[in-house]
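These notes are about the structure you will find just below.
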Amino acid sequence: MSAQFYEHSGEAGGASAGALRVLQLYPRDMNIYGDWGNTRVLARRAQWRGYDVEVLSYDPGDELPDGVHLVVGGGGQDSGQERITADLQARAAELRAWAADGVPMLVICGLYQLFGHRFLTARGSEIPGISVFDAETVAGDGRLIGNITTTSEVFGGIVGYENHSGLTTLAPNQAPFGRVRSGDGNNGQDGTEGALAHHVIGTYLHGSLLPKNPAVADWLLERAARAAGLEWVGDAVAHPGLDGTWADRARAVAMSRPR
């Protein structure tokens, strides 16, 4: 069974800025809490800048496509992680090579855990990861849940919604995605949230993450354009969809809500 293809055309008018290929990893098993919305945001913001976007999906047994410029993956329950483990291990070398070559990726919650070294479940079993991040996760006794605000030197303030029982610990030299201002983050103890390696972001932030954090979306798209050998349009396009008013309002509401 091959990957499914969905075609999207740029909307900025005039000549196309080029074509981007976005791959959604394991949407059948790893797509909870609105994580598919991250892919939709990336596709739409790229279209508004004049890029033609091809969105592909990949599930176990599919053929991994070539020429991918951006990878997105979502969260899932332990059962979903277990269902994709064998396939993810079979694709580990390719995914690590893409990351090392500068392909940007965004992996949420369950896939974030499996992009580390391993996940130890509450039943005591070990789900191996693919070691893009120097991190590992163990199941906790309770859930870390609620609105969360973090800050980053790269992205500024980041808001989202965390809902996980896994406790992730980063190695000393592994950079986090952000530092917790309000919430629990990776483990509720060390003040870190997510991880950042190469151009790969791992995070527990659902919500979806990117509608409320357009700076993160554009960071990923800029690196996707570079991976495709294209010029980054950036702020050269004044499409009304790129106005940040609604995102700012959503961020303000999220930060005002109690956990």
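The values are calculated or read from the model by the stated rules, or taken from the named source; none is laboratory data. This structure is a prediction, so every number in the text was calculated from the model and none was measured. Using ideal geometry, Cβ is built from the backbone for each residue, glycine included, and neighbour counts are taken over all protein chains shown.
Quick notes on this structure:
- Boolean, residue 180 is more than 23 Å from residue 78 (Cα to Cα), surrounded by 24 or more Cβ atoms within 10 Å (Cβ to Cβ) and either over 13 Å from the mean Cα position of the chain (by Cα) or modelled with pLDDT of 95 or more (or both): no
- For residue 83, the stated conditions do not hold, so it cannot be described as closer than 16 Å to residue 197 by Cβ, basic (Lys, Arg) and assigned to a helix (DSSP H, G or I).
- Scanning the stretch 98-122 for residues that are touching a residue at least 40 places away in the same chain (Cβ under 8 Å) and more than 16 Å from the chain's Cα centre (by Cα) yields 100, 101, 119, 121, 122.
- Filtered residues of the stretch 109-132 (kept if over 19 Å from residue 24 (Cα atoms) and surrounded by 20 or more Cβ atoms within 10 Å (Cβ to Cβ)): 119
- Which numbered condition residue 7 misses (of (1) at pLDDT below 85; (2) part of a strand (DSSP E or B); (3) surrounded by 18 or more Cβ atoms within 10 Å (Cβ to Cβ)): (3)
- Note on the stretch 135-161: residues that are among the aliphatic types (A, V, I, L, M) and closer than 30 Å to residue 248 by Cα total 6.
- Selection over the stretch 188-231 of residues that are in contact with a His (Cβ under 6 Å, 6 or more places away or on another chain) and either within 12 Å of residue 159 (Cβ to Cβ) or not in a loop (DSSP other than H, G, I, E, B) (or both) gives a count of 3.
- Condition met for residue 168 (hydroxyl-bearing (Ser, Thr, Tyr), outside any loop (DSSP other than H, G, I, E, B), in contact with a helix residue (DSSP H, G or I) (Cβ under 6 Å, 6 or more places away or on another chain) and in contact (Cβ under 8 Å) with a residue 12 or more places away in the chain): no
- Residues (of a type in the set (Val, Ile, Thr), farther than 11 Å from residue 17 by Cβ and either assigned to a strand (DSSP E or B) or over 18 Å from the mean Cα position of the chain (by Cα) (or both)) located in the stretch 41-64: 55
- Any chance residue 143 is basic (Lys, Arg), surrounded by fewer than 24 Cβ atoms within 10 Å (Cβ to Cβ) and within 30 Å of residue 256 (Cβ to Cβ): yes
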